[in-house]
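Below you'll find the structure I mean.
What follows draws every value from the coordinates through simple rules; no lab data is involved. The model shown is predicted, which means the values in this text are computed figures rather than measured ones. In this analysis, Cβ positions are derived from the backbone assuming ideal geometry, glycine residues included, and neighbour counts consider all displayed protein chains.
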Amino acid sequence: MNKFTFPTATILIVDDNQNNLKVLCEAIADYGWEILVANDGESAIEQAEYAHPDLILLDIMMPGIDGFDTCVHLKSNPETCEIPIIFMTALSDTIDKVKGLSIGGVDYVTKPFHTEEVLARINVHLQLRSLNKQLEEQKLDLEKRVAARTNELSKALHELQQSQLQLVQSEKMSTLGQLVASVAHEINNPVGFITGNLSHLADYTYKIINHLQIYRRNYLEPIAEITQDAKEICLDELIKEIPDVISSMEVGIDRISNISISLRNFSRSDTSNKVEFDIHQGIDSTLMILKPRLKASKKHPEIEVIKQYGDLPLVNCYPGQLNQVFMNIISNAIDALEESVAFLERHQRNQAILTISIVTKIDDENYVSISIKDNGLGMDAEIQRRIFDQFFTTKSIGKGTGLGLSISRQIAEKHEGIISCVSNLGQGTEFTIKIPI
Ligand SMILES: Nc1ncnc2c1ncn2[C@@H]1O[C@H](COP(=O)(O)OP(=O)(O)OP(=O)(O)O)[C@@H](O)[C@H]1O
Ligand SMILES: [Mg+2]
């Protein structure tokens, strides 16, 4: 037998009989194993927990707790349950052997010992133990690798979901852009007809009125039918009202064409190159699109927009994307104001006038800075820390996807700019976007 098979194995021998201990120790002394001894069950348990032997040779008949109870105890402790136990019995009693095996023993040897047999059995079980250990290590390693791979996969899945949602979001924006562009285009032609003809109409009307006045001055007494009709149609009032009618039509058509210009500006999202862009035009057209949400409604009284525009140069940028940033931030401000109205109503407190202030200026000479501030409820520090995280939202499902600000930050970064937020609970929130000129 190769006595150096297990140079590092430790064997615990438990027996109350000193003579038996001596015989066994001598028998296996030459095999390079470390040998521990215990004289009773209690100290065997103690040593097993402390020294973690690779094998235990356990006597059955001992004063105090016997070998069976010691075995049960060792098997119930996760620290020691894996250690193989070989019972030693003086009797060749089958009942004892069966009991020993059924409570977790792996083998038995009978006294008086047959040295070769004891060594062979020890060797077999040490080998099994070592293989088991290897197997256990491989299992752990495999589990670790599976966990790492699962982790990688779920990360990839998460990224996939994120990019999908981003696609949906940008698709939404570009659909909105296309819709707005086509509406603007459709409005444009009829507005052109009206604007072009309105000035002729005014010109012709004033000429006809003038002509009529010449008649009246030169034919002081017209026939009865003419006098009668002038009276019925209230001719003098009509003539007086005509300039008002025409100028109100001019104002109206002017407004429609401004709307159409704003819509067209807003929809300039398709440009794949940077272009020189008037930031104020971008903000104004975004406000135009959001106008229905700013007006008084069931959810809130009118939201006042206070603009304080500085003297800005044109900025080289992707206009559609910057508009998207303005859209996200102003929409969030409107949401916050709506929430504050609902909150104050619930607590029966008065609401100050709802405002969104927009200030633009040149900052540090190299940046245009646009700040958008609302007087809503603001956010606490914990929420503020997370607002730029993808999918972070405090809004109900269906209302918020939690993408607006993370996309806005990406856009700002794409422009080598910065977006930041200052918010005070109960006072409001201010977002500032800085874009290099
Ligand atoms: N002006 C603001 N006042 C208070 N909280 C705000 C304000 N702007 C953003 N937040 C907070 O930041 C969160 C994230 O905003 P973000 O725009 O990224 O997502 P969202 O508005 O919830 O959803 P969506 O994807 O539809 O924009 C909001 O849910 C809200 O809690
Ligand atoms: Mg949002």
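If you stretched the chain out fully between VAL359 and PHE193, how much longer would it get, using 0.36 nm times the residue separation minus the C-alpha to C-alpha distance?
56.0 nm
Turning to a different aspect of this structure: Report the one residue of SER340, ILE83, ILE397 whose Cα lies farthest in the direction of the positive end of the charge dipole of the chain (charges on C-beta: Lys and Arg +1, Asp and Glu -1; origin at the Cα centre).
Going by the Cα projections, it comes out as SER340.
Would you mind getting me the FRET efficiency between ARG216 and ILE256? Use the beta-carbon distance for r and R0 = 41 Å, nearest 0.05.
Working: r = 37 Å, r/R0 = 0.90.
Once rounded, the FRET efficiency stands at 0.65.
Restricting to the chain, what percent of DSSP beta bridges are antiparallel, rounded to 5?
Working: 26 of 48 bridges.
Among the beta bridges of the chain, antiparallel pairing accounts for roughly 55 percent.
Taking the Cα centroid of region 147-196 and of region 33-88, what is the distance between the two, rounded to the nearest whole Å?
Region 147-196 and region 33-88 have Cα centres spaced 71 Å from each other.
With unit charges on the beta carbons (Lys and Arg positive, Asp and Glu negative) and the dipole taken about the Cα centre of the chain, which residue among SER262, ILE435, PHE193 sits farthest to the positive side?
The residue sitting farthest along the positive end of the dipole is PHE193.
Would you compute, from DSSP H runs of 4+ residues alone, the mean residue ellipticity of the chain at 222 nm, taking -39500 (n - 2.57) per run and dividing by the full residue count, rounded to the nearest 500? Could the numbers behind the result be given before it?
On the way: 11 runs with 247 residues, N = 437.
About -20000 deg cm²/dmol.
For helix 115-218, report the angle its Cα long axis makes with the longest principal axis of the Cα atoms of the chain; keep it between 0 and 90° and round to the nearest 10°.
Tilt of helix 115-218: around 0 degrees.
Using only Cα atoms, tell me the angle between helix 18-28 and the longest principal axis of the chain; keep it within 0 to 90° and round to the nearest 10.
Tilt relative to the chain: about 70 degrees.
At PHE113 and GLU26, where each label point lies 7 Å from the Cα along Cα→Cβ, what is the point-to-point distance in nanometres?
1.1 nm
For a footprinting-style exposure proxy, rank LEU403, LEU57, LEU165 by other Cβ within 10 Å, fewest first.
LEU165, LEU403, LEU57
With label points built 7 Å along Cα→Cβ from the Cα atoms of TYR204 and ASP141, find their separation and express it in nm.
Between TYR204 and ASP141, the label points sit 9.5 nm apart.
Less than 16 Å apart at the alpha-carbon level, and either on another chain or at least 8 residues along: which aspartates and glutamates does that give for LYS133?
ASP54, GLU79, GLU82, ASP141, GLU143
If the only charges are +1 at each Lys and Arg Cβ and -1 at each Asp and Glu Cβ, what is the size of the charge dipole of region 270-437 around the Cα centre, to the nearest 20 debye? Please list the in-between numbers first.
Numbers: 18 positive and 21 negative charges, 130 e Å.
Charge dipole, region 270-437, about its Cα centre: 620 debye, nearest 20.
For CYS234 and CYS81, calculate 0.36 nm times their separation in residues minus their Cα-Cα distance, and state this gained length in nm to one decimal.
Working: separation 153, 0.36 × 153 = 55.08 nm, distance 11.24 nm.
The CYS234-CYS81 span can extend by a further 43.8 nm.
Separate question: Got a sec? How would SER331, SER285, SER260, SER102 order by Cβ neighbour count within 10 Å, fewest to most? Each step should come with its number before you reach the end.
Values: SER331 16, SER285 25, SER260 19, SER102 9.
If I rank by nearby Cβ atoms, fewest first, I get SER102, SER331, SER260, SER285.
Between LEU157 and ILE306, what length comes free when the chain is fully extended (0.36 nm per residue of separation minus the Cα-Cα distance, one decimal in nm)? It would help to have the intermediate numbers written out before the result.
On the way: separation 149, 0.36 × 149 = 53.64 nm, distance 4.41 nm.
Gain on stretching LEU157 to ILE306: 49.2 nm.
Could you pull out every one of the lysines with an alpha carbon less than 20 Å from that of LYS240, ignoring same-chain neighbours closer than 8 positions?
Straight-line reach from LYS240, under 20 Å: LYS207, LYS231.
Straight-line reach from LYS299: which aspartates and glutamates have a Cα under 16 Å away, not including same-chain ones fewer than 8 places off?
Cα-Cα hits under 16 Å: ASP335, GLU338, GLU339, GLU345.
Can you compute the charge dipole magnitude of the chain about its Cα centre, using +1 on each Lys and Arg Cβ and -1 on each Asp and Glu Cβ, nothing else charged? Give it in debye, rounded to the nearest 20.
Values: 41 positive and 60 negative charges, 343 e Å.
Magnitude of the dipole: close to 1640 debye.
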